[in-house]
1. Of all the residues that make up the stretch 87-112, how many are open to solvent by less than 90 Å² (accessible area, probe 1.4 Å) and either under 15 Å from residue 148 (Cα atoms) or in contact (Cβ under 8 Å) with a residue 60 or more places away in the chain (or both)?
2. For residue 215, only one of the following conditions fails: (1) at pLDDT below 90; (2) open to solvent by less than 60 Å² (accessible area, probe 1.4 Å); (3) hydrophobic (A, V, I, L, M, F, W, C). What is its number?
3. With 160, 126, 122, 152 as the choices, which residue is closer than 21 Å to residue 223 by Cα, aromatic (Phe, Trp, Tyr) and at pLDDT 85 or above?
4. Evaluate the following for residue 76: is it under 17 Å from residue 153 (Cα atoms) and free of Cβ contacts under 8 Å to residues at least 40 places away in the same chain?
5. Contact list please: Cβ distance under 8 Å, first residue in the stretch 214-236 and within 17 Å of residue 63 (Cβ to Cβ), second residue loosely packed, with under 13 Cβ neighbours inside 10 Å and at pLDDT below 90, pairs at least six apart or on different chains.
6. Quick check on my filter: what residues within the stretch 120-134 are open to solvent by 50 Å² or more (accessible area, probe 1.4 Å) and in contact (Cβ under 8 Å) with a residue 40 or more places away in the chain?
7. Tell me which residues, restricted to the stretch 21-63, are of a type in the set (Gly, Ala, Ser), in contact with a helix residue (DSSP H, G or I) (Cβ under 9 Å, 6 or more places away or on another chain) and exposed (fewer than 12 other Cβ atoms within 10 Å of the Cβ).
8. For the stretch 43-100, which residues satisfy the criterion of being of a type in the set (Gly, Ala, Ser) and over 30 Å from residue 220 (Cα atoms)?
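The values are calculated or read from the model by the stated rules, or taken from the named source; none is laboratory data. Note that this is a predicted model, so its numbers are computed, not measured. For neighbour counting, all protein chains shown are included, and Cβ atoms are generated from backbone atoms with ideal geometry for every residue, glycine included. Remember, those area values only see protein heavy atoms, side chains included, never the ligands or the DNA or RNA. Shrake-Rupley method; radii C 1.70, N 1.55, O 1.52, S 1.80 Å.
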Amino acid sequence: MRKPLPQRIALSVVGVVLALLIFFPTYWMFVTSLRTPGQILSPKYDLIPTSFSFGNFATALARDNFPTYLLNSLIVTVGAVLCALVAGTLAAIPLSRLRFTGRRGFLLLVMVSQLAPTSALFLPLFLLMRDAGLLNTLPSLLLVYFATTLPFTVWMLYGFVNGIPYELEEAAMIDGCSQTGAFRRVTLPLLAPGLVTTSVFSFITAWNEYLFALVFMTEKSKETLPVWLASFRTAFATDWGGVMAASVVYALPALMFFLLVQRKLVSGVVAGAVKG
């Protein structure tokens, strides 16, 4: 039954207002990045600027070691996401398909581990990396990001695997596939939307991480983009134009990754795929 016209109009208005509230900070960041310092500090601030300047972007990109920071962020983020997807898939499949003693307790432990505050992990992880000789190295950050994104990855993929009927694998095995072949040819393609969705959230979590990168990295050449972004604020002043331009540049890789995989974000429909 269709909703009454006044109710549909009210819902549409609420949706538009919420969309504006969500996207306005991004719009304001982009617009501010195109203003001159004088325009930013001026008491007269137009919502739609009449003049633009790309000087803030030139200043931000001209800062020392920006390509290095970008490469470091890509290495640790992509590496952590790939490791988490592989390990999470290998954990989620037996948790979903098998029934063994301690399964529910393990799932509860995975969920509870996500509730631990990040600050509580600093000291033990710092001591662990120091004793392993990994401080001030990119592998230390990659391992930390992998460890922090793995519980979420396992929990998400467990739900996606549960949504794929096991009868599909059984049908493939009846047709001559091995269990591994059935997983590779049937389950894995259907799991692709779940892998993409999980990778997007894990990518954003690792890409935006700041505190571990700040604490574990003492050399400028090993820092990541979040630490570089914080360098625009000093004890004496804040370069607001540079901050906004750097924020736009910082958001682009995550945005491009999202646009690249957005078609797979909607879960595939598997109902009716079993042979009759």
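1. Total meeting the criteria: 12.
2. Only one criterion in (1) at pLDDT below 90; (2) open to solvent by less than 60 Å² (accessible area, probe 1.4 Å); (3) hydrophobic (A, V, I, L, M, F, W, C) is unmet by residue 215, namely (2).
3. 126
4. Against the criterion (under 17 Å from residue 153 (Cα atoms) and free of Cβ contacts under 8 Å to residues at least 40 places away in the same chain), residue 76 does not qualify.
5. 220/64; 232/238
6. 126
7. Listed by number, the residues that qualify are 51, 58.
8. Passing the criteria: 51, 87, 88, 91, 92, 96.
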